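Here is the structure we will look at, set down as structure tokens.
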Amino acid sequence: MDLGIKGKKAIVNGGSAGMGRSSVLALAREGVEVFVSARGEERLSRACVEIASETGAKVTPIAADHSSEEGRNRILAACPEPDILVHTCSPPQFTGDFKAITEADWHASLGITLLGPIQFMQKLLPGMAARGWGRVVNIGTAGAKFPHERRVLSGAPRAALVNYTVAVSKVVAKDNVTINNIMPGMFHTPGLEVAFAEIAEANGTSYDEEVENVIREHNVAAGKFGDPDDLGAFVAMFCSQYASYLVGQSLAIEGGVTNSTF
Ligand SMILES: NC(=O)c1ccc[n+]([C@@H]2O[C@H](COP(=O)([O-])OP(=O)(O)OC[C@H]3O[C@@H](n4cnc5c(N)ncnc54)[C@H](OP(=O)(O)O)[C@@H]3O)[C@@H](O)[C@H]2O)c1
């Protein structure tokens, strides 16, 4: 299926690994020129070279921390007028006892998961609206809708981001600019591997055993963790020409772990 976005320009923040990388790949396959940010230069350059050679698309790395103003300015200098913005990061740290979370932990998580994407939207939406075309997708977490004590540093700021998305998407929708969220459940990504490695070490188990424990304890209906490339395809769909009537939505892609009617 041709998504009708060939020749568009995209910024993908947090695109050197995991679901961000999969989003870059899916957009590049559609003929989108992609500007990709991440902090670690080596993995970023490698991802961009691999995706460019696989798809033939132009893929430009920008080594930058999108939670800092300096980093955001560097990304926007490289691509001042994108048609598409995809924003993500690594999973914020898992938390055990909510009473142990410090104020510094909250500031760090809020900067990366909430204030960064809001600053990008505030800067880019007026231009998209003036040009009459824009697509924004934030990759958040299913934990925003389905809270869990271990994921409050991730879920609570993304719930705020969803609130912001719904409110602001209504302002720009008439200009063919849409803002939506994809809310992942458990996916095999480098970020998750890091988080689970720590848990496995503490429990004297392996990554695979921890995955099996989560599938069992949380009744993951699909019986497995997700493949990031499957989620990347949904990101591209949300960025397509067909998404002009998809306004302020949040799609949980979580293998049936949660239980609700809508
Ligand atoms: N994996 C899961 O099971 C899972 C479950 C629920 C929700 N999620 C959510 O899904 C999203 C993606 O997670 P993931 O597992 O795909 O993450 P990941 O594998 O760690 O990849 C994250 C990407 O973002 C980049 N990044 C992180 N912080 C950044 C920053 N401040 N500035 C620029 N780039 C940054 C990382 O590169 P650098 O480190 O080099 O900067 C990397 O390219 C996150 O919002 C996460 O909370 C994931």
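Quick notes on this one:
- The fewest-to-most ranking of 183, 237 by surrounding Cβ atoms within 10 Å reads 237, 183.
- Coupling constants for the stretch 17-34 follow from the phi torsions by the Karplus curve (6.51 cos²θ - 1.76 cosθ + 1.60, θ = phi - 60°), and in residue order they are 8, x, 6, x, 4, 5, 5, 4, 4, 5, 5, 4, 4, 8, x, 7, 7, 10 Hz; glycine and proline get x.
- Taking every alpha-carbon pair under 8 Å whose residues sit at least 6 apart, the chain reaches a relative contact order of 21 percent.
- Charge dipole (debye, nearest 20) of the stretch 62-158; +1 at Cβ of Lys and Arg, -1 at Cβ of Asp and Glu: 320
- The distance from the alpha carbon centre of the stretch 216-262 to that of the stretch 24-78 is 23 Å, rounded to a whole number.
- Residue with peak Gaussian network fluctuation, the chain [Cα springs, cutoff 10 Å], from 16, 240, 206: 206
- Angle in degrees between helix 116-131 and the longest Cα principal axis of the chain, rounded to the nearest 10: 30
- Annotation: amide H of residue 185 within the under-5 Å range of 142, 253, 254, sequence separation 5 or more or interchain, hydrogens built in the peptide plane.
- For residue 170, a cut-off of 22 angstrom between C-alpha atoms picks up these lysines, skipping any fewer than 8 places away in its own chain: 123, 145.
- Residue-wise HN-Hα coupling along the stretch 216-227, computed from phi with Karplus coefficients 6.51, -1.76, 1.60 (Hz; x: Gly, Pro): 6, 5, 9, 6, 5, 4, 6, x, 7, 8, x, 9
- On the beta carbon distance between residue 77 and residue 229, with R0 = 30 Å, the FRET formula returns roughly 0.50.
- 17 Å Cα-Cα reach of residue 174 towards aspartates and glutamates, excluding residues that sit fewer than 8 places from it in its own chain: 83
- Principal-axis tilt of helix 190-203 within the chain, Cα atoms, nearest 10 degrees: 10
- Nonlocal amide H pairs with residue 250, under 5 Å, H built at 1.01 Å: 181
- Value of relative contact order over the stretch 1-155, rounded to a whole percent, pairs C-alpha under 8 Å and six or more apart: 22
- Environment charge of residue 38, counting only residues whose C-beta is closer than 13 Å and scoring Lys/Arg +1, Asp/Glu -1: +2
- Size of the stretch 126-262 as Cα extents on the principal axes (Å, biggest first): 56, 29, 26
- A simple spin-label model places pseudo-atoms 7 Å from Cα toward Cβ; at residue 203 and residue 261 they are separated by 3.5 nm.
- Relative contact order (percent, whole number), the stretch 81-202, Cα cutoff 8 Å, 6+ residue spacing: 33
A short reminder: the numbers here are calculations on the coordinates, not readings from a lab. None of the values given here were measured: they were computed from a predicted structure. As a convention, Cβ positions derive from the backbone with ideal geometry for all residues, glycine included, and neighbour counts pool all protein chains shown.
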